[in-house]
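This report concerns only the one structure given below.
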Amino acid sequence: MKSALRNSRPLAVAVTALVGLPILLSGCGTAASSSSTESVSEISVMDYYNNEPDKSFIGDALTACGTKAGVTIKRETVPGKSLISKVLQQSSSKTLPDVLMLDNPDLQQIAATGALAPLADFNISTADFAPGVLSAGTYKDKVYGLAPTVNTIALFYNKDILAKSGVTPPSTWDELKAAATKLTSGDQYGLAFNANPTYEGTWQFLPVMWSNGGNEKNIDTEETAQALQLWTDLVKDGSVSSSALNWTQADVKDQFLAGKATMMVNGPWQIPSLDKQASLQYGVVKIPVREAGQTAVAPLGGEVWTVPQTGNKARQAKAAEVVACLNSDENQLAMAKVRNTIPSKTTLAAKFADENPKLATFTELVKTARARTGQLGEEWPAQATKIYTAIQTALTGKASPSDALKQAQGQ
Amino acid sequence: MSLTTDLPQSTPPNGKPGPGKAGAKPGPGRAGSGDGAGDAVPSPRRRSRQRRERLFQWLFLVPAVVYMALFFGYPVVKNVVMSFQDYTTATFFTGEAPWVGLANYVTVLSSSLFSTSLLNTALFTVGSILGQFVIGLALAIFFQRKFPLNGILRSLLLLPWLLPLIVSSAVWRWILDKDSGALNRFLGDFGIVDTGVPWLTSTSLALIAVVGVNIWIGIPFNLTILYGGLQEIPDELYEAGSLDGATGWKAFRHITWPMLRPVVSVVLVLGVVYTLKVLDIILGLTNGGPANSTQTIATQSYALSFQEFKFGEGAALGNILVIISLVFAVLYLRASRRAVDE
């Protein structure tokens, strides 16, 4: 039968293909690691600044720092929501970029996996950074990431409406409640904040919780219950719309812009949109504290830059140079100014606040701002979930603030 | 997938599906190969040809089997294994995932949230399927009539299907907003409600609102399949029925419904499987809130894995959902087999 030979050929091809494919595929992964003595001409960078204008601001700073270090930058920007899953994928396939940006509450989570190199290995100075910034970048006593600029949240108010109603910007909870009630009329609410069931809802609640002495380690305390009572009272008496349960920070800003909320809890990244509306006159004060004399403690936001463990010393060294350069005084001041964020070195604060008066309140707050992961580290996500669950339970009236916190803490 | 049904030439003459006997009859494409068919005693040549044929049968199967194993088998197995491990972010870098047995299942099932999510999943699924099916069927019957713009209207109804879910949910989130939402404005203008209805922020209304949006999204699927099923019913049946006085409701009850039954069971079971795993709509509308009143097993599993990084627990909960879906998948297979038989 002469077809026998001919027919066996497709079989051979198929077998070769099946056996060969995995070898081929696995081969792709090993190409990345190479000797440490090579000269490095290009390093890869990954961040989540995928929207303008931040995309260009960060891109320009990266390019300039790359030129200084003698390397070109191969940059990839991914959407914020997919950054962590991308990082996890890359760490399992050992294809992490040379420079990696992380949102600060995620840093300890990623550092705990062993995927990041301590910045002390590259002699990067951590002097003068605000304590909150350092604690966000630290895991088990080693600094893994530094943020050139940071942010936090404060109370924005509509100057015109407050003046018309004869209300001065509040500084205590009682004043806040009185002002919010007075400023509520028709479809205009006194205050807007975000209490949605995500980490954003937790983040917006932290200023009142922390300023009153509440602690994220155990939320079943009198101090935290008082803070949650404030949030509940504001929603219950109608000074805050119950839509807060589903708003994002961007929605809160839209309410404020539309004149439907006279005050709002929000961050400096909203300033460009607020400034676009020329008729809007707004001011910024610290989020009120329960009693005059308490210190306002704000949560620290912002992104840190890290050097992943790629196994290539030469590339890591170049990457570290770029991270150090991004965190230099000049870059901190320049980036903070264009991006409406705050330089993370306290030594730059006075100068920066003078030059950028509309960011003065935020600059003041950053000095004492607290990192979300400062105490709990990798345990933060679980506890943050409990906090927003308690907020939602109390605000929907399913339980009193103290019961809601007790239930959530016990979960 | 079986060898005997995939390849016609392998069906033995006596019709018994025995893989050992496969290849006894030469296939139509190979009729000229010279061997005498129907020989009682297999010659060595014949045996080698049989073996070769079996080899080819397998070769035809290999691409499908590899594809299934790679893209369906591997993820499922991986997910099952993951659910027995303490799988954290560190696992991705170190590859270490300590075996914890049933601990993840115990944590997930004993969580106070599980009963809430299970009940919500049930209510969400039943509510969605009921609404989608009834409205879908009503529209399918309506579009059976011939009237101007029938085709255009029917294709417009497909729109919810064509929109990305994240877009639909963003738009609905705005429509359902308490203070400035289009729905409340509309109801307010007609004097139906005085104050804004907190569609998405009331613990008693949020699930209803989410079900409503999911019904809107599911109507095109039900409409299309049921409309197709209705087209299959021969007109003669209605003509004959009308002679006997079966018109209107009677015609539906005694002709349409029995004839449509096989399609109906397929639509319902597929609908249940699709609805059980709905994630993006709920995340887009309410994120599971307020106070977990729209939290389903799917959203909770997502939150565990991708927000709290407890991949083991997320996988365990995901598997529970898979098992629930599997029950309905088996029902579907039985229903579709019956549909073919009928």
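Odds and ends about this structure:
- In the stretch B:55-88, the residues that are touching a residue at least 40 places away in the same chain (Cβ under 8 Å) and of a type outside the set (A, V, I, L, M, F, W, C): B:GLN57, B:ASN79, B:SER83, B:GLN85, B:ASP86, B:TYR87, B:THR88
- Test: B:GLY312 is in a loop (DSSP other than H, G, I, E, B) and either of a type in the set (D, E, K, R) or crowded, with 21+ Cβ neighbours inside 10 Å (or both): no
- Identification of helices (runs of 4 or more DSSP H) wholly contained in the stretch A:59-178 with 1 or more residues that are at pLDDT 95 or above, open to solvent by 20 Å² or more (accessible area, probe 1.4 Å) and not assigned by TED's automatic domain parsing to the domain that holds A:ASN312 yields A:159-165.
- Residue within the stretch B:271-288 that is on the phi < 0 side of the Ramachandran plot, part of a loop (DSSP other than H, G, I, E, B) and away from chain A (no Cβ under 14 Å) present: yes
- Some residue of the stretch A:183-190 being surrounded by 21 or more Cβ atoms within 10 Å (Cβ to Cβ), within 14 Å of chain B (Cβ to nearest Cβ), modelled with pLDDT of 95 or more and over 23 Å from the mean Cα position of the chain (by Cα): yes
- Applying the criterion of at least 3 residues that are over 23 Å from A:ALA163 (Cα atoms) to the strands (runs of 3 or more DSSP E) found wholly in the stretch A:183-294 leaves an empty list.
- Of the residues making up the stretch A:378-398, those that are open to solvent by 10 Å² or more (accessible area, probe 1.4 Å) and either out of contact with any helix residue (DSSP H, G or I) (no Cβ under 9 Å at 6 or more places or on another chain) or more than 9 Å from chain B (Cβ to nearest Cβ) (or both) are A:GLU379, A:TRP380, A:ALA382, A:GLN383, A:LYS386.
- Test for A:ASN194: is it touching a helix residue (DSSP H, G or I) at 6+ places or on another chain (Cβ under 7 Å), closer than 21 Å to A:LEU245 by Cα and of a type outside the set (Lys, Arg): yes
- Of all residues in the stretch B:49-93 being more than 26 Å from A:GLN89 (Cα to Cα) and within 8 Å of chain A (Cβ to nearest Cβ), the one that is most open to solvent (accessible area, probe 1.4 Å): B:LEU55
- A single entry from A:SER93, A:SER125 fulfils the requirement of being among the polar types (S, T, N, Q) and away from chain B (no Cβ under 12 Å): A:SER125.
- Count of the stretch A:41-58 residues which are within 19 Å of A:GLN309 (Cα to Cα) and open to solvent by less than 20 Å² (accessible area, probe 1.4 Å): 4
- Residue that is most open to solvent (accessible area, probe 1.4 Å) [pool: residues in the stretch A:307-347 that are among the β-branched types (Val, Ile, Thr) and farther than 19 Å from A:THR152 by Cα]: A:THR310
- Scope the stretch A:356-377; condition in a helix (DSSP H, G or I) and within 13 Å of chain B (Cβ to nearest Cβ); matching residues: A:GLY377
- For A:ILE219, the conditions (1) crowded, with 17+ Cβ neighbours inside 10 Å; (2) in contact with a strand residue (DSSP E or B) (Cβ under 9 Å, 6 or more places away or on another chain) all hold with the exception of (2).
- Tally of residues being within 15 Å of the chain's Cα centre (by Cα) and under 11 Å from B:ILE135 (Cβ atoms) across the stretch B:216-236: 4
- Cβ-Cβ distances below 9 Å connect the following pairs, each with a first residue in the stretch B:202-214 that is within 13 Å of chain A (Cβ to nearest Cβ) and within 16 Å of B:LYS277 (Cβ to Cβ), a second residue that is open to solvent by less than 40 Å² (accessible area, probe 1.4 Å) and aromatic (Phe, Trp, Tyr), and a separation of six or more residues or different chains: B:VAL210/B:PHE124.
- Breaking point among (1) more than 12 Å from chain A (Cβ to nearest Cβ); (2) over 29 Å from B:VAL267 (Cα atoms); (3) of a type outside the set (Lys, Arg); (4) surrounded by 13 or more Cβ atoms within 10 Å (Cβ to Cβ), for B:PRO198: (1)
- B:GLU96 passes every criterion in (1) open to solvent by 50 Å² or more (accessible area, probe 1.4 Å); (2) assigned to a helix (DSSP H, G or I) apart from (2).
- Whichever residue in the stretch A:191-201 is out of contact with any strand residue (DSSP E or B) (no Cβ under 9 Å at 6 or more places or on another chain) and not small (Gly, Ala, Ser) and, among such residues, is surrounded by the most Cβ atoms within 10 Å (Cβ to Cβ): A:ASN196
- Residue check for B:GLY289: of a type in the set (Gly, Ala, Ser), at pLDDT below 95 and under 22 Å from the mean Cα position of the chain (by Cα): no
- Failed criterion for B:PHE142 (all others in (1) under 25 Å from the mean Cα position of the chain (by Cα); (2) within 22 Å of B:ASN214 (Cβ to Cβ) hold): (1)
- One residue stands out among those in the stretch A:304-331 that are within 19 Å of the chain's Cα centre (by Cα) and of a type in the set (A, V, I, L, M, F, W, C): the one that is farthest from A:GLN108 (Cα to Cα), which is A:LEU326.
- When restricted to residues that are more than 9 Å from chain A (Cβ to nearest Cβ) and closer than 19 Å to B:VAL126 by Cβ, the stretch B:289-305 contains 6.
- When B:PHE190 is tested against (1) within 13 Å of chain A (Cβ to nearest Cβ); (2) more than 23 Å from A:THR396 (Cβ to Cβ), exactly one condition is not met: (1).
- Candidate set: the stretch B:107-116, residues that are within 19 Å of B:PHE309 (Cβ to Cβ) and assigned to a helix (DSSP H, G or I); chosen: the one farthest from the other protein chains (Cβ to nearest Cβ): B:VAL108
The values are calculated or read from the model by the stated rules, or taken from the named source; none is laboratory data. Because the structure is a prediction, the values reported are computed rather than measured. We place every Cβ from the backbone using ideal geometry, glycine too, and count neighbours over all the protein chains shown. For the accessible areas, the whole protein counts, side chains as well, though only heavy atoms, and no ligand, DNA or RNA atoms are used. Shrake-Rupley method; radii C 1.70, N 1.55, O 1.52, S 1.80 Å.
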